[in-house]
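Novice: Okay, here's the structure, questions in a sec.
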Amino acid sequence: MAYNLLKGKKGIIFGALNNQSIAWKVAERAHEEGAEIVLSNAPIALRMGTINELAEKINAEVISVDATSLEDLENLITKSMEIFGGKMDFILHSIGMSPNVRKGIDYDALNYDYYHKTLDVSAFSLHKVLSTARKMDAIKEWGSVVALSYVAAQRTFAGYNDMADAKAILESIARSFGYMYGREKQIRINTISQSPTPTTAGSGVSGFDKLEDFSDRMSPLGNATADDCAGYCITLFSDLTRKVTMQNLFHDGGFSSMGMSFRAIEQYEKSFKECPE
Ligand SMILES: NC(=O)c1ccc[n+]([C@@H]2O[C@H](COP(=O)([O-])OP(=O)(O)OC[C@H]3O[C@@H](n4cnc5c(N)ncnc54)[C@H](O)[C@@H]3O)[C@@H](O)[C@H]2O)c1
């Protein structure tokens, strides 16, 4: 059901690769809620993914951007402001990639060029987006920026590798910029810490299916889906959350407050029966 929560609002959504992507669900939901959207993704994602299907469905322009390039970002913001006829109300940063994870290189043996790439794509890109938008005065007062994070920023999850470091930096950038941009223009910046979600990036993490199952068993409400995440993003882009800023907001069915659940204990006990020694 739509509530017109974003009626008249305009925003850029980064990171819709295919219909599994969290950004894809956010774009669909934002459109239903009345927003006008510009979609953006990396050149390779435009070639390999299906973003044009989404663009057609929600009547959005697609602008190719490597989010690590300041030049690309400046071009994106200039063109988006032309399309919108002025400043925008919201931005979704839904970008993540680790060459170390992709190549199965363990944390204790990271390739440092890849490590730098992980941080640049997955964390510094948020700083670059915000810094470019601020320089170009592209976001309206009381606008809202949301980036997607994961609880591995606070606690260690086997296999999440250098993405944990990227998420910790991402959350810190949201706070540091949230202070500056909030004081100057009442622009709010938050991160949403989302449950494991079966997407292209998510499924690339080693042991993802076990992580997803564990997380679901541990969470009293079960894992939050990409659709659930879209709903939460809409509330943060809306005027109903105007005083929420500089927060890392857990959207994980309760996982981050749990220590152990009966459902997880039951599964753990089974493994003792199967492997008695
Ligand atoms: N899937 C999960 O389990 C999960 C959980 C918590 C947080 N997240 C975060 O959600 C966000 C979206 O990921 P997703 O799960 O929807 O997967 P996804 O693979 O659909 O999206 C990741 C996006 O990042 C884009 N990207 C990569 N390099 C880029 C670059 N240089 N410039 C611009 N875009 C680039 C990709 O093209 C892709 O569209 C990421 O930040 C991810 O870390 C995902």
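Novice: Would you confirm, using the coordinates I've provided, whether Arg134 is assigned to a helix (DSSP H, G or I) and either surrounded by fewer than 17 Cβ atoms within 10 Å (Cβ to Cβ) or of a type in the set (A, V, I, L, M, F, W, C) (or both)?
Specialist: yes
Novice: Among the listed residues Met88, Met81, Met97, identify the single one that is under 28 Å from Thr245 (Cα atoms), in contact (Cβ under 8 Å) with a residue 12 or more places away in the chain and within 10 Å of the ligand (Cβ to nearest atom).
Specialist: Met97
Novice: Hey, another quick one. What pairs come out if I take residues in the range 11-29 that are on the phi > 0 side of the Ramachandran plot and pair them with residues that are among the β-branched types (Val, Ile, Thr) whose C-beta lies under 7 Å away, six or more apart or interchain?
Specialist: Hits for this filter: Gly15/Ile95.
Novice: Exactly one of these conditions fails for Arg188: (1) away from the ligand (no atom under 13 Å from the Cβ); (2) surrounded by 21 or more Cβ atoms within 10 Å (Cβ to Cβ); (3) over 30 Å from Lys9 (Cα atoms). Give me its number.
Specialist: (3)
Novice: Return the only residue of Ser203, Ser125, Ser193 being free of Cβ contacts under 8 Å to residues at least 40 places away in the same chain, of a type in the set (S, T, N, Q) and within 8 Å of the ligand (Cβ to nearest atom).
Specialist: Among Ser203, Ser125, Ser193, only Ser203 is free of Cβ contacts under 8 Å to residues at least 40 places away in the same chain, of a type in the set (S, T, N, Q) and within 8 Å of the ligand (Cβ to nearest atom).
Novice: Which condition does Asp72 not pass, out of (1) touching a residue at least 12 places away in the same chain (Cβ under 8 Å); (2) surrounded by 15 or more Cβ atoms within 10 Å (Cβ to Cβ), if it passes all the others?
Specialist: (1)
Novice: Also: Quick check on the range 33-53: of everything there that is within 11 Å of the ligand (Cβ to nearest atom) and in contact with an Asp or Glu (Cβ under 8 Å, 6 or more places away or on another chain), which residue is nearest to Val145 (Cα to Cα)?
Specialist: My answer is Leu39.
Novice: Let me ask something additional. If you go through the range 193-205 one residue at a time, how many are surrounded by fewer than 18 Cβ atoms within 10 Å (Cβ to Cβ) and either touching an Asp or Glu at 6+ places or on another chain (Cβ under 8 Å) or part of a helix (DSSP H, G or I) (or both)?
Specialist: Residues that pass the stated criteria total 3.
Novice: Next question, about the same structure. Within the group Asn100, Asn19, which residue is over 17 Å from Ile139 (Cα atoms) and either part of a helix (DSSP H, G or I) or at pLDDT below 95 (or both)?
Specialist: Only one candidate passes the filter, namely Asn100.
Novice: Considering only the range 130-158, state which residues are within 11 Å of the ligand (Cβ to nearest atom) and either over 14 Å from the mean Cα position of the chain (by Cα) or over 18 Å from Cys233 (Cα atoms) (or both).
Specialist: Across the range 130-158, the qualifying residues are Ala152, Ala153, Phe157.
Novice: Those residues that are hydrophobic (A, V, I, L, M, F, W, C), out of contact with any Phe, Trp or Tyr (no Cβ under 8 Å at 6 or more places or on another chain) and within 15 Å of Phe14 (Cβ to Cβ), I need them from the range 71-104; list them, please.
Specialist: Result: Leu73, Leu76, Ile77, Met88, Met97.
Novice: For Ala30, only one of the following conditions fails: (1) within 14 Å of the ligand (Cβ to nearest atom); (2) small (Gly, Ala, Ser); (3) part of a helix (DSSP H, G or I). What is its number?
Specialist: So the condition that Ala30 fails would be (1).
Novice: Output the number of residues of the range 206-222 satisfying the condition of being assigned to a loop (DSSP other than H, G, I, E, B) and surrounded by fewer than 21 Cβ atoms within 10 Å (Cβ to Cβ).
Specialist: Of the residues in the range 206-222, 5 are assigned to a loop (DSSP other than H, G, I, E, B) and surrounded by fewer than 21 Cβ atoms within 10 Å (Cβ to Cβ).
Novice: From (1) within 14 Å of the ligand (Cβ to nearest atom); (2) closer than 30 Å to Ile83 by Cβ; (3) hydroxyl-bearing (Ser, Thr, Tyr), pick out the condition that doesn't hold for Ser176.
Specialist: Only one criterion is unmet by Ser176, namely (1).
Novice: Go through the residues of the range 206-214 one by one and say whether even a single one is within 15 Å of the chain's Cα centre (by Cα) and under 18 Å from Ala152 (Cβ atoms).
Specialist: no
Novice: Please state which of the following conditions Ile105 fails to meet, knowing it meets all the rest: (1) part of a helix (DSSP H, G or I); (2) of a type in the set (Val, Ile, Thr); (3) more than 30 Å from Met1 (Cα to Cα).
Specialist: The single condition Ile105 does not satisfy is (1).
The values are calculated or read from the model by the stated rules, or taken from the named source; none is laboratory data. All figures in this text were calculated on a predicted structure; none of them were measured in a lab. Glycine gets a Cβ as well: all are built from the backbone with ideal geometry, and neighbour counts include every protein chain shown.
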